[in-house]
Structure formats: C-alpha cells, structure tokens
Amino acid sequence: MRLVAIFEDTLRMPAVRAELEPAHIAYLASHTSEIVIAGGLREAPGAAYVGGLWVLEVASKERAVRLIEDDPFFKAEPRPYRLLVWGKALPELKAVL
C-alpha cells in the first residue's frame with residue numbers, strides 16, 4: 001500500500017529539529033524499505049521548514065501510523081499530519097532522484 005504522510009510543523013519544531021535531527025535521520029535510514037522518500041517542506045528555497053513529507057510503501061495504514069509515531073521527531077513533538085493513499089501516475093516509470 002502506497003501512502004503519503006504530510007506533516008505540519010508546530011512552533012516547537014525548529015528546536016526539535018536542532019536537537020533530534022541525527023536520530024530522525026538514523027530512524028529514516030533504518031526504515032528505507034517502507035519509508036521510501038522523506039524530506040522537509042519549505043515555502044521557498046532556504047526558508048525555514050514548515051513541515052515534511054514521506055512516501056511510504058507499507059502493508060497497512062496501521063503500519064504507517066506506527067512508523068510515523070515511533071519517529072524521534074514525533075515522539076518529541078506530536079505534530080499534526082495527514083495520511084493519504086497515493087495513486088502514482090504512470091506507475092511503470094521509476095523515479096529518478
């Protein structure tokens with residue numbers, strides 16, 4: 001099941017990012033088979049982060065919630081998020097990153 005998680009930063013997130021970014025990156029790296037793309041969202045290049053986005057390939061929505069809520073960022077600051085099913089256009093094409 002392919003899902004996207006769209007996170008909205010709270011006022012505490014800049015401090016959480018500063019303190020826990022290494023743990024967050026290690027967490028993402030340890031789950032690359034399920035969290036296939038992840039990154040911060042900004043309103044303009046170089047601007048402050050306003051949220052984040054993950055693309056997940058998981059067995060269930062419950063598994064996605066578990067991955068999200070076990071992330072060090074979420075444990076420190078349970079920021080709002082939306083979890084949506086994503087149907088990729090042109091699924092036969094592989095993404096080039």
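The values are calculated or read from the model by the stated rules, or taken from the named source; none is laboratory data. Worth saying up front: this structure is predicted, and the values here are computed from it rather than measured. Cβ atoms come from the backbone with ideal geometry, glycine included; neighbour counts cover every protein chain shown. These area figures cover heavy atoms from the full protein model, side chains too; ligands, DNA and RNA do not enter into them. Shrake-Rupley method; radii C 1.70, N 1.55, O 1.52, S 1.80 Å.
List of remarks:
- Applying a DSSP loop filter and a limit of 10 other Cβ atoms within 10 Å to the GluC sites (Glu not before Pro) in region 34-68 leaves E43.
- Given their separation in residues at 0.36 nm each and the Cα-Cα distance between them, Y49 and V65 gain 3.6 nm when the chain is fully extended.
- Order of exposure, largest accessible area first, which applies to Y49, Y27 with probe 1.4 Å: Y49, Y27
- For region 10-76, a crude dipole built from +1 on the beta carbon of Lys and Arg and -1 on the beta carbon of Asp and Glu, taken about the Cα centre, is about 120 debye to the nearest 20.
- Most positive-pole-ward Cα, V16, A48, T32, against dipole of the chain from beta carbon charges: T32
- Here the simple spin-label model places points 7 Å from the Cα toward Cβ, and for E77 and I6 these points are separated by 2.0 nm.
- On a per residue basis, the chain carries 64 Å² of accessible surface, using protein heavy atoms and a 1.4 Å probe.
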